[in-house]
Structure formats: structure tokens, C-alpha cells
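Got a structure for you, written out below as C-alpha cells; questions coming shortly.
The values are calculated or read from the model by the stated rules, or taken from the named source; none is laboratory data. Everything numeric in this text was worked out from a predicted model, so none of it was measured. All Cβ positions, glycine included, derive from the backbone under ideal geometry; neighbour counts span all protein chains shown. Accessible surface areas use protein heavy atoms only, side chains included; no ligands, DNA or RNA. Shrake-Rupley method; radii C 1.70, N 1.55, O 1.52, S 1.80 Å.
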Amino acid sequence: MQDITHDKPIKNEHRFLSVSDLKKVHLRGETEVPALRGVSCQFEKGSFNFILGPSGSGKSSLLYLLGALDDPTDGEIQFAGQSLSSFTEDQRDHYRREQVGFIFQSFNLLKTLNAVDNVLVPFLPQGINAELRDRAIDLLTQVGLGHRLDHHPHHLSGGEQQRVAIARALLKKPELVLADEPTGELDSESGAEVFRYLRKLHDEQQTTVIVVTHDERYLENADRLLHLADGKLLREEIHSRAID
Ligand code: ADP
Ligand code: MG
């Protein structure tokens, strides 16, 4: 791995997610809690990125802003050349629902639904057709759960539940997948499996993936690492596999 902070500028057309001097101050009661203190970085289309940093360094705050689940205090995020802050409410909804797939630490599966239906949940409002159901089954098979399609979450291990969540995030063919500590509740082996499948689907679908974690066990999956500390980007590294 080599440090390329000032090396190999990303070509403009590949800068589909661009962060400029991003700041976020949370309010805790009357107290201002700075979470991001001016972060600038770019994410190349189709790249697999890890954002690393200790607890409290601002990782989740950054991920939520990238997913338009929260608004910055200052600075800008551009997606495909358009500022997220210029989105109308409809565009924002579309971005969150159609263009971004979210994976959370706690899986967020519905207890009463089996694996297939949990994958289909984001599409319930618009109706499920046979093609979509087939795709859900295909994705579950691809994450090694072809034999668990009818199982409810309480009959699945943590790693299996997170793989259902991966299939759910990828069903809508998002351009961007955002994962917040996806292996935070898993043992090493299950965590490694989760990343193996996420990386496999990424390689097949060329989705851009940004994973936030303080867990350094699975870094070999990343094309690029961004180190965050105290709300600032310390440095970037790139894995040699990502260099042409
Ligand atoms: P990380 O994900 O790296 O642990 P966070 O982005 O969650 O970091 O938090 C960064 C800082 O912002 C921490 O000091 C945290 O306590 C604070 N913070 C995060 N979210 C909120 C919130 N909703 N309200 C108040 N403070 C928050
Ligand atoms: Mg966090």
C-alpha cells in the first residue's frame, strides 16, 4: 500500500462523489459538538472505499451526509456534478430511495418477514413483480443464502442477517452503497464473509462502495482508505490493485 495523498489525481469524469470543506456541528442540548471540521475528498465511480477512524472521529456523520440523511452545517457534497443541497425534496427522496443503498451495523431487518421479503421491503410501496422477486432470490443466492430464503431473521446468524441486508441494499441497483460499521456486531469469520460477498457484488455490479469502520481486520477488501481523526481527514491510501 502506498500513500497517494498528492499523487494520481482522479479524472474529472470519475469524480462522481465530491466532498468540499464539509463541516457538521451537532447540537447536544445547547452545546455545539463539532463532528466534521472541514473534510474534502473525492470518490471515484466504481471504487471500494473504507473510511477509518476511532470512535467519535466523525465517520457516521460523514456517511449520513453522503446519504442525504442529514444536512451539513457548511461545505458541499456533489453527486454526479450536482450539489445535494440544491436537490428538491423529490430529488432528495429519489437519491435516498433509488440511488443509494444503506447497510447499517444492526442489520435493520423486519422480524416478521422471511429473507426474500426483507430484501424486497424497499420496493413494497411500488409493488413487487415476479422479476423483482427473482432478482431478490438471485441476490440472496449470490450472498450464499440460497438455502435460507424462507428463514426469518431470528433463524439466521448475525452474519447471515447482514448478508440479507447487503442483498436488500443492492436490489435497487444503487450507484452508491454506504455501510456504517457493517461488521460491528459480528465475529471475525462472519465479518470476513460479509466483506467477501460485498466485494464480490461490487466487482460484478461496479457499484461505488463506502464503508465506515474502526475495525482494521478487513482492509484488504478496499481499493482506498481514508483516515479520519477528530473530524478531519488525516490521509488517504490506495491499494495497488486500484492502480492501472
Ligand atoms: P463516529 O461514527 O466516528 O464514532 P460520529 O460521527 O458518530 O463519529 O460522531 C462524531 C461526534 O459527533 C461525536 O462527538 C459524537 O458524540 C457527536 N455526535 C454524533 N451524532 C450526534 C448527534 N445526533 N447529536 C449530538 N452529537 C452527535
Ligand atoms: Mg459511527
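Hey, with R₀ at 25 Å, roughly what FRET efficiency would K173 and D21 work out to, going by the Cβ-Cβ distance, to 0.05?
0.20
What's the magnitude of the charge dipole for the chain around its Cα centre, counting Lys and Arg as +1 and Asp and Glu as -1 at the beta-carbon? Answer in Debye, nearest 20.
The calculated dipole for the chain is roughly 200 debye.
Would you work out if segment 90-153 is rounded, prolate or oblate? Take a ≥ b ≥ c from the square roots of the eigenvalues of the alpha-carbon gyration tensor; rounded if a/c is under 1.5, else prolate when a/b is larger than b/c, oblate otherwise.
Since a/c reaches 1.5 and a/b is larger than b/c, the shape of segment 90-153 is classed as prolate.
Another one. If you stretched the chain out fully between T73 and D203, how much longer would it get, using 0.36 nm times the residue separation minus the C-alpha to C-alpha distance?
Full extension from T73 to D203 adds 43.3 nm.
On to the next question. Under 16 Å from a point 7 Å along the Cα-to-Cβ line of H155: which residues of segment 110-128 have their amide N that close?
110-119
Would you please calculate the Kirkwood hydrodynamic radius of the chain over all C-alpha pairs and express it in Å, rounded to one decimal?
Computed over the chain, the radius equals 18.5 Å.
For q values of 0.13, 0.16, 0.23 Å⁻¹, compute log₁₀ I(q)/I(0) with the Debye formula on a Cα-only model of segment 188-244, without solvent.
Ignoring solvent entirely, the Cα scatterers give -0.37, -0.56, -1.06.
Which value, in nm² and rounded to one decimal, describes the direction-averaged projected area of the C-alpha convex hull of segment 25-80?
4.5 nm²
Using only the Cα atoms of segment 155-233, build the gyration tensor, take square roots of its eigenvalues as a ≥ b ≥ c, and label the shape rounded, prolate or oblate: rounded if a/c is under 1.5, else prolate if a/b is larger than b/c, else oblate.
Because a/c hits 1.5 or more and a/b fails to exceed b/c, segment 155-233 counts as oblate.
Can you list residues whose amide H is under 5 Å from G101's amide H, if they're 5+ apart or on another chain and H is modeled 1.01 Å from N?
Correct list: L176, V177, L178.
Take the alpha carbon atoms of segment 112-137, find their center, do the same for segment 165-244, and report the distance between the two centers in whole angstrom.
The distance from the Cα centre of segment 112-137 to that of segment 165-244 comes to 24 Å.
Let me ask something additional. Round to a whole number: what % of the accessible area of the chain belongs to carbon and sulfur, probe 1.4 Å?
Answer for the chain: carbon and sulfur cover 46 percent of the accessible area.
Give me the mean projected area, in nm² to one decimal, of the convex hull enclosing the Cα positions of segment 67-203.
Result: 9.3 nm².
Please name whichever of G184, G38, L145 sits farthest to the positive end of the charge dipole of the chain, dipole taken about the Cα centre and charges placed at Cβ: Lys and Arg +1, Asp and Glu -1.
L145
Set Lys and Arg Cβ to +1 and Asp and Glu Cβ to -1, take the dipole of the chain about its Cα centre, and tell me which of S85, L225, Q206 lies farthest positive.
Among S85, L225, Q206, the one farthest towards the positive end of the dipole of the chain is Q206.
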